[in-house]
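None of the figures in this text is laboratory data; all of them are computed from the coordinates on show. Everything quoted here is computed from the prediction, not taken from an experiment. So basically every Cβ, Gly included, is an ideal-geometry build from the backbone, and we count neighbours across all protein chains shown.
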């Protein structure tokens, strides 16, 4: 297995006003990230609205992302579905693309045991053509992936890594402590935290998969480079900017939106304002960012940027 490191943003999926994948905007967004110096891209994650997209739309996203990247950096792809059989089906058709790693959650909707979660990941990994990273995101899946289960799957080689979006630092440290240290470890342990990214790097994370990185990828690259160079002041400056930028996420909630609509709406409002996308449209049943909330987002961005 290959070990992945660095900044790998979970790229947004731009939609046009009819909620079709906006191919030109997605190409522009990929190119923008590559210019920022990211070390990879994660397509079809939560920020990419994968769970809302049809399989046909998911294929369009991979056509564009894989084609635009053209092998210049690793591409991760989400294979997100509620059950093992449906996830395996996702994994099999994704195998036709040049994908470097697959990102998979535990089953959701059904209330499953730790042993059943092991069976799920073992079955999915057996069908996969690339390393499988477990996606621990209890806020969406409804269940925390236990540290002991993660360690079992990582130590056995079933999993090639972990994307931890749980925010549970204690479990994160337990997992790292139970695995070989770098460079002997071949699995990749990522954090999905934006506001605590530096803290996770200090703890030993191999990289960051930052949702807010869609609108400030260059700050995460600066954070990564400063941290690796031992430039503590530079790393802290970058983290302070990133943490302030996360204030974009809850603005929509203050105006009646759900959490996911608020977070996606904030990102897409900025991307459209920056001319990287043609629209701030989101997938059904999510509500679009109201004008008053969008104005607050842009006011915040205007105060933060030079």
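The distance linking the stretch 6-27 with the stretch 53-110 is 15 Å (Cα centroid to Cα centroid, whole angstrom). Taking the centroid of alpha carbons for each part, the stretch 111-166 and the stretch 194-235 are 24 Å apart. For the chain, adding -39500 (n - 2.57) for each run of n ≥ 4 DSSP H residues and dividing by the number of residues yields -14000 deg cm²/dmol at 222 nm.
Taking the structure as given and computing percent of Cα pairs over 31 Å apart, which label from (i) 24; (ii) 32; (iii) 43 fits? Answer label, from the structure shown: (i). Most simply put, the chain has about 5% antiparallel DSSP beta bridges, counting only bridges with both residues inside it.
Residue 18 to residue 82: FRET efficiency via 1/(1 + (r/R0)^6), r the Cβ-Cβ distance, R0 30 Å, to the nearest 0.05? Mind showing how you got there, number by number?
On the way: r = 27 Å, r/R0 = 0.89.
Efficiency for this residue pair is about 0.65.
In plain terms, the chain from residue 113 to residue 178 could stretch by 21.2 nm, reckoned as 0.36 nm per residue minus the Cα-Cα distance.
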